[in-house]
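Visitor: Just passing along the structure, written as structure tokens.
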Amino acid sequence: MKPSTSKLLITQGRLIDAGGERSADVRIADGVVTEVGVGLLSGDGEQVLDAAGMVVCPGFVDLHVHLREPGREEAETIETGSRGAALGGFTAIVAMPNTDPTQDCVGVVEFVRQQGERAGLCEVLPSGSITIGRKGETLTPFAELAAAGVRLFTDDGNGVQDPQLMRRAYEYASDLGVTMAQHCEVERLTEGAVMHEGSCCSHLGLPGWPSLAEELMVHRDIELVRLTGAPAHFLHLSTAGSVELVRKAKADGLAVTAEATPHHISLTDELLTSYSALYKVTPPLRTMDDILAIREGLRDGTIDAIATDHAPHVSESKELPLDQAPPGMLGLETALGVSIAHLDMPLVDIVAALSWKPAEIAGVADRHGRPIEVGEPANLTMFDPAQEWEVVPGQLASKSCNTPFVGVALTGRVKHTIFNGEVVVLDGVAQK
């Protein structure tokens, strides 16, 4: 996409980037930052955005988004998902490959990328599946997909069960400079599972999903990283044991990164006592002890990124009985508000987990998560860190409405999003 020719001046902002915090004005032209200083005066034809009381930071990057297109456009399209992303402050999102057809070949990957470019609201980064059709049997053509720009490979929705096949995947990844992003689930331990295996599940009489199912695969892949030297990224970690495994792996100097979702830092398995499928997700909501461990993992850097696992579903499917309803919940527009409300962390660290840290993992740190300095790409987010708000049903950008955060107090709301130098969200309203 060509950079915008718009001219912008952001005034009185609280700038937060990897270099820290400062107060300054920011001038933007031709898609890049052209001046940073105090007391800058507006010029002819410049649009002025008053950032008093707001944070101005590098745009957020979401490592984990289900856009459903191609194949399930009734739940979401790349355009509607991109709009939700922009409203949530994201200037880049990684599209998961569990589409129909799967993102296991260059043709589908290019379709997803081009649809994102047509929407023009954020950069859509297609991931590639690790195996053909996500069936866990045959590796995809990694070299071809890497040449087409794919940097993250995952069978998300399923973990690769065959350890020998996964070893080969890591060996290829090491040669190609790409990253395997693992959905950690030993499926023999989760057959028929509806929710976290614990006291709540026993009380409800529902089949449980043990923490061990996640932790065994985290352990396996850490050892494969140790063997091959290839990097691994762990998707949506949810248990205290997983956090500790990753902490020890990082202490050993292994090339591992990890993400956690807003719902795994805020919602417990006890919400399933309502039997509402809005709270059914993969991996399942866990206990407060797990939530506290995830929060601590984000605080101490064990967990690198906050990623939404945005998973839209049509209303009819979420109204099915709990054991039949699909897992997943919306997350793009509420990620910031949930994170600030539930994380006892310096704001700069929350922004890091939403911006430059995931940008590095996604392989787009050359254009997203950049310092706010002269000559840098103008992919920026502006938000009010103190605004308290609640989700209004039906007013989210998604085609679906399966959010668990209706009626939940959130803190921090995106006001403006600038993508490639263009204001794509103005005063909380998408401009496309």
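Visitor: Take the conditions crowded, with 24+ Cβ neighbours inside 10 Å, hydrophobic (A, V, I, L, M, F, W, C) and either modelled with pLDDT under 95 or in contact with a His (Cβ under 6 Å, 6 or more places away or on another chain) (or both) and apply them to residue 332. Does it pass?
Guide: Considered against the rule, which asks whether it is crowded, with 24+ Cβ neighbours inside 10 Å, hydrophobic (A, V, I, L, M, F, W, C) and either modelled with pLDDT under 95 or in contact with a His (Cβ under 6 Å, 6 or more places away or on another chain) (or both), residue 332 comes out as yes.
Visitor: Could you tell me whether any residue of segment 344-365 is open to solvent by 40 Å² or more (accessible area, probe 1.4 Å), in a loop (DSSP other than H, G, I, E, B) and either polar (S, T, N, Q) or touching a strand residue (DSSP E or B) at 6+ places or on another chain (Cβ under 9 Å) (or both)?
Guide: Yes - at least one qualifying residue is present in segment 344-365.
Visitor: On to the next question. Can you find a residue in segment 249-260 that is open to solvent by less than 20 Å² (accessible area, probe 1.4 Å), in a helix (DSSP H, G or I) and either touching a Lys or Arg at 6+ places or on another chain (Cβ under 7 Å) or not charged (D, E, K, R) (or both)?
Guide: Yes: segment 249-260 contains one or more residues that are open to solvent by less than 20 Å² (accessible area, probe 1.4 Å), in a helix (DSSP H, G or I) and either touching a Lys or Arg at 6+ places or on another chain (Cβ under 7 Å) or not charged (D, E, K, R) (or both).
Visitor: Oh, and also: Regarding segment 407-424, can at least one residue be identified that is open to solvent by 30 Å² or more (accessible area, probe 1.4 Å), over 23 Å from residue 5 (Cβ atoms), touching a strand residue (DSSP E or B) at 6+ places or on another chain (Cβ under 8 Å) and of a type in the set (A, V, I, L, M)?
Guide: yes
Visitor: For residue 144, are the conditions met, namely being more than 17 Å from residue 332 (Cβ to Cβ), in contact with a Cys (Cβ under 9 Å, 6 or more places away or on another chain) and surrounded by fewer than 21 Cβ atoms within 10 Å (Cβ to Cβ)?
Guide: For residue 144, the condition - more than 17 Å from residue 332 (Cβ to Cβ), in contact with a Cys (Cβ under 9 Å, 6 or more places away or on another chain) and surrounded by fewer than 21 Cβ atoms within 10 Å (Cβ to Cβ) - is met.
Visitor: Somewhere in segment 281-304, is a residue of a type in the set (Ser, Thr, Tyr) and free of Cβ contacts under 8 Å to residues at least 60 places away in the same chain?
Guide: The answer is yes, given that some residue of segment 281-304 is of a type in the set (Ser, Thr, Tyr) and free of Cβ contacts under 8 Å to residues at least 60 places away in the same chain.
Visitor: Considering each residue of segment 330-343, count those that are part of a loop (DSSP other than H, G, I, E, B) and under 16 Å from the mean Cα position of the chain (by Cα), and give that number.
Guide: Total satisfying the criteria: 5.
Visitor: Inspect segment 180-187 for any residue being in a helix (DSSP H, G or I) and open to solvent by 20 Å² or more (accessible area, probe 1.4 Å) and give the result as yes or no.
Guide: Yes, some residue in segment 180-187 is in a helix (DSSP H, G or I) and open to solvent by 20 Å² or more (accessible area, probe 1.4 Å).
Visitor: May I ask you to list pairs of residues, at least six apart or on different chains, whose Cβ atoms are under 9 Å apart, with the first in segment 57-83 being touching a residue at least 24 places away in the same chain (Cβ under 8 Å) and in a loop (DSSP other than H, G, I, E, B) and the second being hydrophobic (A, V, I, L, M, F, W, C) and open to solvent by 10 Å² or more (accessible area, probe 1.4 Å)?
Guide: From segment 57-83, the pairs are 59/419; 69/111; 70/108; 70/111; 72/314; 74/314; 75/314; 77/119.
Visitor: Restricting to segment 47-64, count the residues that are among the acidic types (Asp, Glu) and either under 27 Å from the mean Cα position of the chain (by Cα) or at pLDDT below 95 (or both).
Guide: 1
Visitor: Picking from 144, 223, which residue would you name as being free of Cβ contacts under 8 Å to residues at least 24 places away in the same chain and not basic (Lys, Arg)?
Guide: The match here is 223.
Visitor: Quick check on this structure: which one of 216, 189, 224 is at pLDDT 95 or above and touching a Lys or Arg at 6+ places or on another chain (Cβ under 7 Å)?
Guide: Going through 216, 189, 224 in turn, just one is at pLDDT 95 or above and touching a Lys or Arg at 6+ places or on another chain (Cβ under 7 Å): 224.
Visitor: While we're here: Take segment 306-328 and flag every residue that is of a type in the set (A, V, I, L, M, F, W, C) and more than 19 Å from residue 411 (Cα to Cα).
Guide: Within segment 306-328, 311, 314, 320, 322, 325 meet the criteria.
Visitor: Next up: Would you tally the residues in segment 46-58 being open to solvent by less than 70 Å² (accessible area, probe 1.4 Å) and either aliphatic (A, V, I, L, M) or closer than 25 Å to residue 350 by Cα (or both)?
Guide: 9
Visitor: From the list 371, 321, 327, exactly one residue is under 21 Å from residue 238 (Cβ atoms), open to solvent by 30 Å² or more (accessible area, probe 1.4 Å) and not in a helix (DSSP H, G or I). Which is it?
Guide: The match here is 327.
Visitor: Ok, one more. Among (1) more than 25 Å from residue 336 (Cα to Cα); (2) open to solvent by 30 Å² or more (accessible area, probe 1.4 Å); (3) assigned to a loop (DSSP other than H, G, I, E, B); (4) touching a residue at least 40 places away in the same chain (Cβ under 8 Å), where does residue 115 come up short?
Guide: So residue 115 meets the others, but not (3).
Visitor: How many residues, within segment 148-179, are in a helix (DSSP H, G or I) and in contact (Cβ under 8 Å) with a residue 24 or more places away in the chain?
Guide: Residues that pass the stated criteria total 12.
Visitor: Residue by residue through segment 1-35, note down the ones that are among the β-branched types (Val, Ile, Thr), open to solvent by 50 Å² or more (accessible area, probe 1.4 Å) and more than 17 Å from residue 424 (Cβ to Cβ).
Guide: 34
Visitor: From the set of residues in segment 36-45 that are modelled with pLDDT under 95 and at negative phi, which is surrounded by the fewest Cβ atoms within 10 Å (Cβ to Cβ)?
Guide: Across segment 36-45, the extreme among qualifying residues is 44.
The values are calculated or read from the model by the stated rules, or taken from the named source; none is laboratory data. Source: prediction; values computed, not measured. Reconstructed Cβ throughout: ideal geometry from the backbone, glycine too, with neighbour counts over all protein chains shown. The area values use the complete protein model at the heavy-atom level, side chains included, leaving out ligands, DNA and RNA. Shrake-Rupley method; radii C 1.70, N 1.55, O 1.52, S 1.80 Å.
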